[in-house]
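Below is one structure, written out as structure tokens, with a few remarks after it.
The values are calculated or read from the model by the stated rules, or taken from the named source; none is laboratory data. All figures in this text were calculated on a predicted structure; none of them were measured in a lab. Here the Cβ positions follow ideal geometry from the backbone for every residue, glycine too, while neighbour counts run over all protein chains shown. Ligands, DNA and RNA are excluded from the accessible area calculation, which covers all protein heavy atoms including side chains. Shrake-Rupley method; radii C 1.70, N 1.55, O 1.52, S 1.80 Å.
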Amino acid sequence: MFQDYLPEVYVRFRDSYPDVARALDHLGEAVDGCGPLDERTIRLVKLGLAIGSESEGAVRSNVRKALAAGATPEAVRQAAVLAITTCGFPTAIAGIGWVDEVLAAES
């Protein structure tokens, strides 16, 4: 499912540097598993971080992953709206727009 959304630059990176890509995968697994948070919560946290860093691809990816982990569209939207007071209105609105586009495509 997620393979359909991978940017070409990411696919080329993985093809060009397979050892680095595998190391990055292992780091992600270690980070995700370092504490008691469940997958749904991890994805909502990562969604907020992605919005804060204005990373469109990461926002879109984490919306899909949060939904796959059992988050409701309402929970995903709340995570995006929470960015307003921490990240600022323009950043949050950009994130909300990306979230809404993914949710519309997924429904």
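Would you kindly derive the ³J(HN,Hα) couplings of region 60-73 from the backbone phi angles with the Karplus curve 6.51 cos²θ - 1.76 cosθ + 1.60 (θ = phi - 60°), listing them in order in whole Hz, with x for Gly and Pro?
Running phi through 6.51 cos²θ - 1.76 cosθ + 1.60 with θ = phi - 60° gives 4, 4, 6, 4, 4, 5, 5, 4, 5, 8, x, 6, 7, x Hz.
Rounded to the nearest 20 debye, what is the charge dipole size of the chain about its Cα centre when +1 sits on each Lys and Arg Cβ and -1 on each Asp and Glu Cβ?
120
List the GluC sites (Glu not before Pro) within region 1-86 that DSSP assigns to loop and that have no more than 16 neighbouring Cβ atoms inside 10 Å.
GLU54
If I model a spin label as a point 7 Å beyond the Cα along the Cα-Cβ vector, how far apart are those points for ASP100 and ASP19 in nm?
Once both label points are built, they end up 4.7 nm from each other.
Using Cα springs under 10 Å in a Gaussian network model of the chain, which residue among SER16, SER53, SER61 shows the largest mean-square fluctuation?
Among SER16, SER53, SER61, the largest mean-square fluctuation in the Gaussian network model of the chain belongs to SER16.
Within region 46-82, list the trypsin sites (Lys or Arg not before Pro) lying in a DSSP loop whose Cβ has at most 12 other Cβ atoms in a 10 Å radius.
none
Out of the total accessible area of the chain (probe 1.4 Å, heavy atoms of protein only), what percent is carbon and sulfur?
Accessible surface attributable to carbon and sulfur in the chain totals 60 percent.
Projected onto the charge dipole of region 24-76 (+1 at Lys/Arg Cβ, -1 at Asp/Glu Cβ, origin at the Cα centre), which of VAL59, ILE42, ALA75 gives the Cα projection farthest towards the positive end?
The one lying farthest along the dipole's positive direction is ALA75.
Full extension from ASP38 to THR72: what is 0.36 nm times the residue separation minus their Cα-Cα distance, to one decimal in nm?
Length difference between fully extended and current span is 10.8 nm.
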